[in-house]
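Right, one structure below, let's go through it.
The values are calculated or read from the model by the stated rules, or taken from the named source; none is laboratory data. Owing to the predicted nature of the structure, the values given are computational and were not obtained by experimental measurement. Side chains are part of the model used for accessible areas, which takes the heavy atoms of the whole protein and leaves out ligands, DNA and RNA. Shrake-Rupley method; radii C 1.70, N 1.55, O 1.52, S 1.80 Å.
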Amino acid sequence: MTSTEHSRRKYDLLADRYEDLFFYVADLGRRLVDLAAPAAGDRVLDVGAGRGAVARAALAAGCAVTAVDSSPGMCRRLAADHPTLTVRQCDAGALDVPDGSFDLVTAGFVVQVLDDPARALAEFHRVLAPGGRVAVSLERQTVGRLGWLHELNRRYFGGGTGAEPMTADQLDGLLTAAGFTAPARTGAHAPKTLDGPDRLWTWLGDQGLADAVAALPPATAQRFRAEFHDGARRMHAEGGIVLEFGATLHLAATPG
Ligand SMILES: C[S@@+](CC[C@H](N)C(=O)[O-])C[C@H]1O[C@@H](n2cnc3c(N)ncnc32)[C@H](O)[C@@H]1O
């Protein structure tokens, strides 16, 4: 299976629960559209639209919105939930839309999951009218008070894939290399308090931790669960279980 097929399958499986699991995307989708401040009637293309966190906000601002995603499951849900959206299934690196046909391209938490982000940004540039703008959000990795959990994961599951997440500077560099001018960015936080250790276990379990723990030898899995619950109980007692989600929101333009 290629990484593109793998990604499509992953998001298909997540489609029904996506915005429940990733609680921050709706709020940050609104903030990305607020930053771009499109005028009513602007033609907006939302790439990697998912369940519509960004597209919804652009619709609410009175824009004419086309939403594209490579996952058929996401596209099905987008079309069913938002009848006023134009929905297309296509790849960010080969957008099925004419040159110069949009005023604003948005992409919420998409660029960093692509195999070839430079190619996608070149496509964003191609489909924008002169003076058009691009608004992109990027997840910022923050450990914060969850250091104990990162350490636990490292001990039981190793050091991860080795792929370093894209930084905000790298994204601004890619925007400039694609021909966008004056990239500007702002930070955004979306903290969420979970009401106890069991809720943290369920939230992470839904994102794959439950399967990963179930694949460990039974005695090791039992030790992991015990250590997890000790860590989570301590965190809960010492200020609560707060997930500190952070992002940067980037805005740039094509030459007018
Ligand atoms: C992290 S989700 C973000 C969804 C949405 N933009 C939001 O802010 O909630 C990434 C989305 O990009 C889509 N995606 C991944 N690779 C893609 C590609 N090559 N072309 C188009 N969409 C892609 C996924 O199917 C998924 O819906």
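For the stretch 1-53, compute Rh as the Kirkwood radius over C-alpha pairs and then the Stokes-Einstein diffusion coefficient at 4 °C and 1.567 mPa s; write the answer in µm²/s, rounded to an integer.
My calculation gives 101 µm²/s for D.
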* **Alpha-carbon Rg/Rh ratio, for the chain, with Rh computed the Kirkwood way** => 1.00
* Asked: For the stretch 170-256, which whole-number percentage of the solvent-accessible area (1.4 Å probe, protein heavy atoms only) is attributable to carbon and sulfur atoms?
  -> 53 percent
* Asked: Among Leu194, Leu32, Leu174, whose mean-square fluctuation peaks in a Gaussian network model of the chain (Cα, cutoff 10 Å)?
  -> Leu194
* Excluding ligands, DNA and RNA, what is the solvent-accessible area per residue of the chain at a probe of 1.4 Å, expressed in Å²? -> 48 Å²
* **In degrees, nearest ten, helix 168-177 long axis to first principal axis of the chain (Cα)** => 20 degrees
* Structure fact -> Amide H contacts under 5 Å for Ala49, restricted to residues at least 5 apart in sequence or on another chain and with H modeled in the peptide plane, are Val68, Asp69
* Asked: What whole number of Å gives the distance from the Cα centroid of the stretch 1-77 to the Cα centroid of the stretch 135-188?
  -> 19 Å
* Asked: When N is the residue count of the stretch 172-239, what does its C-alpha Rg come to as a fraction of 2.2 N^0.38 Å?
  -> 1.78
* Structure fact -> CD proxy, 222 nm, the chain: helix-only mean residue ellipticity via -39,500 (n - 2.57) per DSSP H run with n ≥ 4, per residue, nearest 500, stands at -13000 deg cm²/dmol
